Each structure stands twice: as C-alpha cells, then as structure tokens.
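First the structure, then my questions, so here it is.
All of the numbers you see were taken from the coordinates with simple rules; none came from a lab. Not measured: the values here are computed from a predicted model. Glycine also receives a Cβ, built like all others from the backbone with ideal geometry; neighbour counts cover every protein chain displayed.
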Amino acid sequence: MSKSVAVDISKPLPIDIGISEKDRQKIADGLKAVLANTYTLYLKTHNFHWNVTGPMFNTLHLMFETQYDELALAVDLVAERIRALGVFAPGSFTQFKELSTVKEETSVPSAVEMIQQLAKDNETISKVCREVLPLSGKADDEPTNDLLTQRMQTHEKNAWMLRSLLG
C-alpha cells in the first residue's frame, strides 16, 4: 500500500530554477516590453496585410501574412517564458500600449510607408531584445537568452527583407 501525502495547496510552490526572484522579476519586466512590442507589431502587420494596395499588393499581402503568423506564435512563446519565470504576463491593449515603443498605425499609409514602418519596427524589437539580453545573460538564464537570440534573428531578417523591397 502506498502512503498518501497531504499537499497544502494554500501556499504556492516556490520557484527554484537557479535564478533569484529579483533577477527573475527584472528579466520578466524586460520580456514584458518584448511581448508588448511583438503584439503591437503583430497587430500592425495584420492591419497592413488587410489594407495594402498598389502594384506590390500580392507580394506584400503574402509577406505580411507570413510575418504576422510568425509574430502570433512569438507572442505565445514570450508570454509563456514570463510565466515560467513566475511573473504574470500582460495581456491587455492598455498594458501593451504602455509598454510598447512600437506605435500603432491608425491610418492606411502607402505600401512604401508600410514597408518602412515595419522595417523600423522590426529593428526596434531587436533593440529591445538586446536590452534584455544582458539581464538574462548575467543570471545564466539560457532559455531566455535563446528566446531573445531567436527573436533578434527573426526581426533582423524581416527588417532586411522589407528594406530590400525598397532597393
């Protein structure tokens, strides 16, 4: 017969992953900015996908779709990393607006302006990731380092591809 062990669910199980609570909070705060910027770029890219016009319509419509699909997956990965660090992830437009340096677009710019904005915004997110990387590096937080490195690689590639459309 196995012995039953009583579990006290009134107290949360402490997180013991080898990163102090203070460092986990700092890293999570940085990741919140990554998440907010990524979600804002997702929304903006999806908006541009719907509203792009002109001679490059098909190319841009498909490119924007590929990029917003990838961004939709990325927001989940970033939010789940924040949770793994023991911090609640922001999830409202209000929070994202406060945390994001990528600005939403409420008008319908020309296709060229869309490309310019998205290239700049991808570079912005890469820079935000670079600001968080020293925090996760100092704490030996390899999962966050890996996530940030992958995000930078994707955003820098997207920025290059978008800039290439402009010659």
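What is the spin-label model distance, in nm, from THR149 to THR106 if the labels are put 7 Å beyond Cα along the C-beta direction?
Using points 7 Å along Cα→Cβ, the separation is 4.1 nm.
So, one more: Please work out how much length the chain gains when fully extended from GLU131 to LYS157, using 0.36 nm per residue of separation minus the C-alpha to C-alpha distance, in nm with one decimal.
7.5 nm
Pick from LYS26, LYS127, LYS138 the residue whose mean-square fluctuation is largest in a GNM of the chain, springs joining Cα atoms under 10 Å.
Maximum fluctuation in the GNM of the chain, among the listed residues, is at LYS138.
In whole angstrom, how far apart do the alpha carbon centroids of the range 40-83 and the range 89-121 sit?
First find each Cα centre; the distance between them is then 11 Å.
Right, next: How large is the helix-only mean residue ellipticity at 222 nm for the chain, computed as the sum of -39500 (n - 2.57) over DSSP H runs with n ≥ 4, divided by its residue count, in deg cm²/dmol to the nearest 500?
Computed mean residue ellipticity for the chain: -25000 deg cm²/dmol.
Something else now. What net charge do the residues around PHE48 carry, taking every other residue with its C-beta under 12 Å from that of PHE48, with Lys and Arg at +1 and Asp and Glu at -1?
Residues close to PHE48 contribute a combined charge of -4.
Which of ASP76, ASP29, ASP121 moves most in a GNM of the chain, Cα contacts under 10 Å?
ASP76
To continue, here is another question. Identify, among LEU41, LEU73, THR59, the residue whose Cα sits farthest towards the positive end of the charge dipole of the chain, taking +1 on the Cβ of Lys and Arg and -1 on the Cβ of Asp and Glu, with the dipole about the Cα centre.
Ranked along the dipole, the leading option is LEU41.
Let me ask something else about it. How many lysine pairs in the chain, separated by 8 or more positions in sequence or lying on different chains, have Cα atoms less than 21 Å apart?
Total qualifying Lys-Lys pairs in the chain comes to 25.
So which residue, out of PHE96, PHE64, PHE88, gets the largest mean-square fluctuation from a GNM of the chain using Cα contacts under 10 Å as springs?
PHE88
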